[in-house]
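As structure tokens, the structure follows; a few thoughts come after it.
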Amino acid sequence: MPDVLPPNRLPDGLLLDRPLPIPSRAPLLDVRGLKKAFGGMIAIQNVDLSIAEGSVHAIIGPNGAGKTTAFNCITAFVPPTAGRIFLGGERIDGLPAHVVARHGVARTYQNVRLFPNMTALENVLVGQHRRLHATFWEAILGSGRFRREEAEARARAMEYLAFVGIPQRAGDLARHMPYGDQRRLEIARALVAGPRILMLDEPAAGMNPAEGRALVELIERIRADLGVTVVLIEHHMRVVMAVAERITVFNRGAILTEGTPGEIQADERVIEAYLGRRSGQVAAAASPEPQRQMEAGIA
Ligand SMILES: Nc1ncnc2c1ncn2[C@@H]1O[C@H](COP(=O)(O)OP(=O)(O)O)[C@@H](O)[C@H]1O
Ligand SMILES: [Mg+2]
């Protein structure tokens, strides 16, 4: 059996420029002892995370638990205070964000970050600048290489818009698109860079149940068809339980526990963390806010 499978042509003609990884239990992303302090406030500490290549891994936990901060450290959006981060065995902490991206880490944001006055197609084109090689002068002079790369970039952007299910939006301004489509567009922009790992920060936020089911289907295709490992922060338990192989639970800046969906669902501590109460106290004592975060399905 070879180490890598031959390049893959997807049913819709999308050609991967690298082989699909063989799913393995070796961690693609390995985080050791991660800590982030903002001034005197410790947002996360002692965070160990091991994300298996080819897996879908969910991170859950109440608001303020430090989930986004962990993403921000991994993607070099903020510098960690302590800890080590490895991608495919290579140390990536301390590298600038664009270099981490070049290593194959892509993400979306809890609050959608698109260029609102650009079209969907243009937003995806922005995501693949690292694939382009024509120089500034070749671009100015409209060289053959520049025109060829430009045409290829547009075709590739269209393929990814189709892949996430919004080809009909190509010419629409991002700010005119429904929220669910904006979230899909952000995923297309992240994928077009050809990442090894895609980190989604609350992708189902603001989605209705039907959109949530479509998101589950999209994440499964991202893993199976593109060979991209997926880590998602998510409050919608229906989405999490349907799509994740493993779940890590954050609470108060640390990892509370990790396990399979079945193990996490059965773990009393997880429910307590969300409801903000100790065993034995009545559920009525919990504020409605964390209950809303649960979004049904686990309790
Ligand atoms: N840039 C920042 N500056 C100061 N405090 C921050 C910053 N980012 C996050 N925090 C704080 O870190 C804690 C964890 O936040 P966050 O990682 O966003 O949690 P989660 O994503 O789990 O809801 C919160 O108390 C938050 O206010
Ligand atoms: Mg967050």
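Each value in this text was obtained by applying a stated rule to the coordinates, not by laboratory testing. Since this is a predicted model, take the numbers as computed values, not measurements. Cβ atoms come from the backbone with ideal geometry, glycine included; neighbour counts cover every protein chain shown.
Here are the numbers for the structure shown:
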| quantity | calculated |
| --- | --- |
| Two-site FRET efficiency, A205 against H176, from Cβ-Cβ distance with R₀ of 25 Å, rounded to 0.05 | 0.80 |
| Spin-label model distance (nm) - E150 vs R213, 7 Å beyond Cα toward Cβ | 4.4 |
| Pair E268, E220: separation of 7 Å Cα→Cβ label points (nm) | 3.4 |
